[in-house]
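Have a look at the structure below, then the notes.
The values are calculated or read from the model by the stated rules, or taken from the named source; none is laboratory data. Keep in mind that what you see is a predicted model, and the values were worked out from it rather than measured. In this analysis, Cβ positions are derived from the backbone assuming ideal geometry, glycine residues included, and neighbour counts consider all displayed protein chains.
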Amino acid sequence: MDKYLTDLVERMSDTSDQILRAGFDGSRTISWNALREAEKINNITFIPQLISLIDSEMNKKKRSKAYFLLGHIAKNTNNFEALSYLIARINKESDKYIISSLLERIASIKKPLGTDLQPLLQATRSEKWLIRHSAIQSLSNTSDNLAETALINIIDNTDDPYDLTYSNATLNTIGTSIAIPFLEKHLKSKKRDVKNSAQYAIDEIKKRIKTQKDTYGLGS
């Protein structure tokens, strides 16, 4: 593997200079700076090398850092190969923290029509809340109606305030007019986060509808 990649993953995993004391500035550590470096990389030639690393790496921490790096390359380049690989890895990991982190990476990547969303949809039904909430967020950045349908099904069939809030927040970014009646049901919720997130989602969806009408000259 490219020496730079090997070094970067090592630096991302380095905790040798992390001191637990008052006033400790985490932004000066080796790992913090390496993570910020990784967020900017857009070299697609690194993708097959990172895939090979992940497939063979037994150390969970290093594998997690490789996911982080690959996720940012996918985000920065809109690379479908990297996105598809990350999604496929969801069912190959067992550690809930790695799965949650992986889903969070996927959330920020644009998912074009034709993307296999099934592993994400399946994860929204996980019994582990950490995975479930990250999976709900992972449905961001897609226009596939399967994602909206899954989120509507959640807000129409659960009383869990966290599931509702996360689903409302994702519908805020991808929802259409179809979701509005389901969101309106939660405007009288006694849970402030649920009520507010539903209202914000409705407002954003209506803004998108208006923008689309204005763009295509349809008027009101």
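Brief remarks follow.
- Residue in region 133-150 that is touching a strand residue (DSSP E or B) at 6+ places or on another chain (Cβ under 9 Å) and loosely packed, with under 14 Cβ neighbours inside 10 Å present: yes
- Of the residues in region 137-159, at least one is outside any loop (DSSP other than H, G, I, E, B), under 23 Å from residue 55 (Cβ atoms) and under 16 Å from the mean Cα position of the chain (by Cα).
- Lone qualifier among 105, 89 - being modelled with pLDDT of 95 or more, closer than 28 Å to residue 179 by Cα and of a type in the set (Lys, Arg): 105
- Failed item in (1) in a helix (DSSP H, G or I); (2) touching a residue at least 12 places away in the same chain (Cβ under 8 Å), with residue 212 passing the rest: (2)
- Among the residues of this structure, residue 128 does not count as one that is in contact (Cβ under 8 Å) with a residue 24 or more places away in the chain and touching a strand residue (DSSP E or B) at 6+ places or on another chain (Cβ under 6 Å).
- Whichever residue in region 191-220 is surrounded by fewer than 12 Cβ atoms within 10 Å (Cβ to Cβ) and among the hydroxyl-bearing types (Ser, Thr, Tyr) and, among such residues, is modelled with the lowest pLDDT: 220
- In the set 171, 183, only one residue is assigned to a helix (DSSP H, G or I) and in contact with a Gly (Cβ under 8 Å, 6 or more places away or on another chain); that residue is 183.
- Cβ-Cβ contacts under 7 Å between residues 6 or more apart (or on different chains), taken from a first residue in region 71-89 that is on the phi < 0 side of the Ramachandran plot to a second residue that is among the charged types (D, E, K, R), are listed as 71/105; 72/39; 83/111; 84/116; 86/105; 87/116.
- Residue in region 48-63 that is of a type in the set (Gly, Ala, Ser), farther than 30 Å from residue 168 by Cα and free of Cβ contacts under 8 Å to residues at least 12 places away in the same chain present: yes
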